[in-house]
1. Touching a helix residue (DSSP H, G or I) at 6+ places or on another chain (Cβ under 9 Å), of a type in the set (Val, Ile, Thr) and within 19 Å of residue 151 (Cα to Cα): is that true of residue 36 in this structure?
2. Quick one: how many residues across region 208-262 are small (Gly, Ala, Ser) and within 24 Å of residue 43 (Cβ to Cβ)?
3. In region 21-46, which residue that is within 29 Å of residue 7 (Cβ to Cβ) and among the small types (Gly, Ala, Ser) is surrounded by the fewest Cβ atoms within 10 Å (Cβ to Cβ)?
4. In region 175-220, which residue that is at pLDDT below 95 and of a type in the set (A, V, I, L, M) is farthest from residue 255 (Cα to Cα)?
5. Those residues that are among the aliphatic types (A, V, I, L, M), farther than 24 Å from residue 6 by Cβ and assigned to a helix (DSSP H, G or I), I need them from region 83-140; list them, please.
6. Go through region 73-84 and give me each residue that's without any contact (Cβ under 8 Å) to a residue 24 or more places away in the chain and aliphatic (A, V, I, L, M).
Amino acid sequence: MTLATPPDLVRIPAGDFLMGAADADEEERPVHRVYVSEFFIGRFAVTEDEFARFIRATGYPAPAIRGLPLIATGGRDALFGELAAPYVWDRAEPPEGLGGHPVVLVRYNDALAYCRWLSEVLGRVARLPTEAEWEKAARGGAEGLRYPWGNDIDPSRCNFLAGPSVKRQRGTRPAGTYSPNAYGLCDMAGNVWEWVSDWYSGDYYSESDARDPRVPETGRMRIVRGGSWVNDDVSMLRCACRHRVPPDTYSYSVGFRIVCSP
């Protein structure tokens, strides 16, 4: 089987960059120089239409509201269901009018299943990015900037929440709505959080390898990066932000993008 439209991949050159933020929480410090080997990353997050090809080819369960994740407990179940409802699929069909939007309501394991299928189709390994790969890609070759475009938030550059009162009127935007960063990557800040491959480790920055770092293969929390359309705290859209979530997480604001090795 071959894809009618192969994924749009961008080459990220091998080299080092400064990872972390000096003015952030301890888990993002110390700022340290990391070397990352060459890799290719999706220009966009995986879309509803792209995920639909996987669903139709494999019969994998479509995105849906399942048992509530831990992030939706504490009396937030009604709001979770309300905000998730527009993104629920009709069997193997994505929500009408959202085909070009990033796929959401996907768990970490759903993203892994998509990557395994895509690897077979492409004949090359497709996977989730590491934290270091994701942050290097988000920074677009610049060092020390808070966001992919600079140090100040810019509503014309990303999809985030202007205030809690408008949450019900907002939602995901089509991939590529906003201008790309210097590497040509879209939505590395805002629109949807993106799964990375690593388990969370609070000591990651002080103990990880300086070359192609990875954290332990096991842990209690996962990591998503980049912020999303539901975030009114713009610090969560920073390139360096590490947002830890329970492994059972899925949401109307969490998706993913793929990485391929050379």
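1. Criteria not met by residue 36.
2. Result for region 208-262: 8.
3. 37
4. Selected residue: 210.
5. Matches in region 83-140: 83, 84, 85, 132.
6. Those that are without any contact (Cβ under 8 Å) to a residue 24 or more places away in the chain and aliphatic (A, V, I, L, M): 78, 79.
Here's the yes/no breakdown for (1) buried (at least 20 other Cβ atoms within 10 Å of the Cβ); (2) within 23 Å of residue 70 (Cβ to Cβ); (3) of a type outside the set (S, T, N, Q):
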{"position": "148", "(1), (2), (3)": "yes, no, yes"}
{"position": "155", "(1), (2), (3)": "no, no, yes"}
{"position": "158", "(1), (2), (3)": "yes, no, yes"}
{"position": "170", "(1), (2), (3)": "no, no, yes"}
{"position": "176", "(1), (2), (3)": "no, no, yes"}
{"position": "181", "(1), (2), (3)": "yes, no, no"}
{"position": "202", "(1), (2), (3)": "no, yes, yes"}
{"position": "212", "(1), (2), (3)": "no, no, yes"}
{"position": "227", "(1), (2), (3)": "yes, yes, yes"}
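Here is a yes/no grid of residues against (1) charged (D, E, K, R); (2) farther than 22 Å from residue 224 by Cβ; (3) at pLDDT 95 or above:
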site: 4; (1), (2), (3): no, yes, no
site: 7; (1), (2), (3): no, no, no
site: 10; (1), (2), (3): no, no, yes
site: 19; (1), (2), (3): no, no, yes
site: 24; (1), (2), (3): no, no, no
site: 27; (1), (2), (3): yes, no, no
site: 37; (1), (2), (3): no, yes, yes
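The values are calculated or read from the model by the stated rules, or taken from the named source; none is laboratory data. It should be emphasised that the depicted structure is a prediction, and the values quoted were computed from it without experimental measurement. So basically every Cβ, Gly included, is an ideal-geometry build from the backbone, and we count neighbours across all protein chains shown.
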